[in-house]
Amino acid sequence: MALTLPALPGEFRDGWKIIVGCSIGIATGVALLYLSFSIFVVPLTRDLQVSRGDLGVVQALIITAAFGSPLIGWLTDMFGVRRVYVAAALSVAAAHMAAALFASNLVHMGLTIAFVGLVGAGTGSVVLSRPINAHFKERRGTALGLMAVGISVLAIMAPPLINWVLENWGWRAAFAGMALVSVCVGIPMVLWLVPDGGRAGSGVGAKKDEPGNWRFLRTRDFWLLTMALIMMSLATAGAGSQLVPMVMDGGLNAATGALALSFFSAGTFIGRLGGGWLLDKIDPRLAAFLLTLLPALGFVILLTTAGMTWAIMLAVLIIGIQQGAEIDIFAYFVGRRFELAHYSAIYGMMVGLGWIGNVGGLVGMGKSHDWFGSYAPGQMVAIGCLAISSILLLMVSLPKADKAPQA
């Protein structure tokens with residue numbers, strides 16, 4: 001007797017393919033390098049004869065994403081999801097292969113990272129959240145959360161596989177392997193399962209929806225969302241990068257610090273699924289308020305429970321939940337508030353400006369320890385930033401679900 005799966009409800013009946021394609025597309029793009037770069041640090045320092053600090057500076061060149069994201073977003077609105085994704089994935093794969101074949105010094109690796117940052121947004125949520133927003137209306141938050149789960153699955157599966165390749169054939173083979181995964185898995189799945197997501201310039205209303213109109217920059221809600229993202233990034237980017245030493249400063253050992261990373265990853269998984277579900281179930285502004293204020297409680301726990309393993313693990317889990325929900329929140333708000341024709345340009349500009357917060361957080365949390373001998377001042381600043389961010393999200397004007405979004 002053949003096994004048959006029950007029919008999926010509503011929008012998921014056809015939309016599950018889009019979720020799967022977008023999730024795999026994100027997981028096999030530039031995220032492969034983002035999430036696994038630390039694995040390459042030791043062999044690169046040895047083979048290129050550089051210090052770990054030098055490689056840290058090189059890794060910071062990923063800041064080129066701040067310039068690439070708005071451009072990638074505009075191109076997506078103009079030419080469609082599949083064309084931009086394929087071009088970006090091929091470009092990222094070419095950069096990986098160039099590093100595998102030719103990189104012999106720090107400058108070569110720096111050029112690779114900078115180029116990947118510039119074009120890598122084309123394989124991320126700036127592009128692939130667009131077809132989700134185009135298809136899903138009633139269950140948009142849940143669908144965005146399911147899409148983002150691909151990143152969590154990647155964070156679990158990819159590092160051991162990449163490390164296995166590296167140990168057996170070296171870091172050059174690992175870079176080549178990442179290129180092959182993008183070309184042989186990511187591109188075919190996106191082309192097979194993902195539509196263009198309401199590309200501007202086609203169909204009814206094409207003239208009205210022509211991309212290149214930047215009037216959203218004059219809207220109050222765009223700047224409320226952008227400032228909320230910057231404040232959120234200031235608070236949490238540094239905490240993520242300094243998580244293990246932060247936990248160890250709380251009186252725990254290195255092994256427990258490593259365990260904290262697992263709790264953090266579990267939190268991001270919960271945040272991606274649970275955050276998207278909550279956006280669908282209650283007022284999205286209230287959901288975003290709660291999800292943004294939640295990690296503030298995590299920082300309060302870190303400040304007040306030194307040496308208490310269970311409390312610190314709970315704090316890390318809570319902070320991870322917010323990190324996981326971030327894509328859900330901002331992709332949802334942009335899709336709900338603005339016209340689809342300009343979705344990727346708006347989201348891309350927002351992500352680009354959000355890098356101000358990421359850089360500030362990455363630098364600021366480390367400097368907190370350098371200047372004061374403690375992460376506590378940085379954690380207190382993070383609490384304030386999250387409070388501001390949560391209030392800004394409450395102030396965003398969202399149209400009713402049955403009304404057309406505004407320009």
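A few comments on the model shown:
- Between LYS400 and ALA387, the simple label model (points 7 Å from Cα in the Cβ direction) yields a spacing of 3.6 nm.
- A simple count of charges around ASP328, restricted to other residues whose Cβ falls under 14 Å of its Cβ and scoring Lys, Arg +1 and Asp, Glu -1, yields +4.
- Relative compactness, the chain, computed as alpha-carbon Rg over 2.2 N^0.38 Å: 0.96
- Most positive-pole-ward Cα, ALA95, MET395, GLN379, against dipole of the chain from beta carbon charges: MET395
- Each 5 Å bin from 0 upward holds the following percent of the Cα-Cα pairs of the stretch 12-193: 1, 9, 17, 20, 20, 14, 9, 5, 3, 1, 0.
- Net charge in the neighbourhood of GLY10 (other residues with Cβ under 9 Å of its Cβ; Lys, Arg +1, Asp, Glu -1) is 0.
- Backbone geometry of the stretch 338-355 corresponds, through the Karplus equation with coefficients 6.51, -1.76 and 1.60 at θ = phi - 60°, to 3J(HN,Hα) couplings of 10, 5, 4, 4, 10, 4, 5, 5, 5, 5, x, 5, 5, 5, x, 5, x, 5 Hz, x marking Gly and Pro.
- Using the Cβ-Cβ distance between HIS108 and TRP192 with R0 set to 30 Å, the FRET efficiency works out to roughly 0.30.
- Size of electric dipole in the stretch 12-193: Cβ of Lys, Arg +1 and of Asp, Glu -1, about Cα centre, debye, nearest 20: 440
- Take 12-20, 178-186, 68-76 and order them by the average number of nearby Cβ atoms within 10 Å per residue, most first; the result is 68-76, 178-186, 12-20.
- Computed from the Cα positions only, the extents of the stretch 254-389 along the three principal axes stand at 50, 31, 24 Å, in decreasing order.
- Rounded to the nearest whole Hz, the Karplus-based 3J(HN,Hα) values (6.51 cos²θ - 1.76 cosθ + 1.60, θ = phi - 60°) of the stretch 263-272 follow the sequence 5, 4, 5, 4, x, 5, 5, 4, x, 5, with x at glycine and proline.
- Stretched out straight at 0.36 nm per residue, the stretch from LEU101 to ARG83 would grow longer than its current Cα-Cα span by 3.8 nm.
- Note on LEU261 and TRP371: the model spin-label points, each 7 Å out from Cα along the C-beta direction, lie 2.9 nm apart.
- Share of pairwise Cα separations in the stretch 295-364, more than 15 Å, in percent: 66
- Theoretical gain in end-to-end length, VAL363 to ASN163 [0.36 nm per residue, Cα-Cα removed]: 69.2 nm
- Total lysine pairs in the chain at Cα distances under 24 Å, for residues eight or more apart or on different chains: 12.
- Taking a point 7 Å from the Cα of ARG46 along the Cα-to-Cβ direction, the residues of the stretch 156-183 with backbone N closer than 13 Å to it are 166-172.
No lab work stands behind these numbers, since they all come straight from the coordinates. In this text, all values refer to a predicted model and were calculated from it rather than measured experimentally. Don't worry about glycine lacking a Cβ; one is built from the backbone with ideal geometry, like all the others, and counts go over all protein chains shown.
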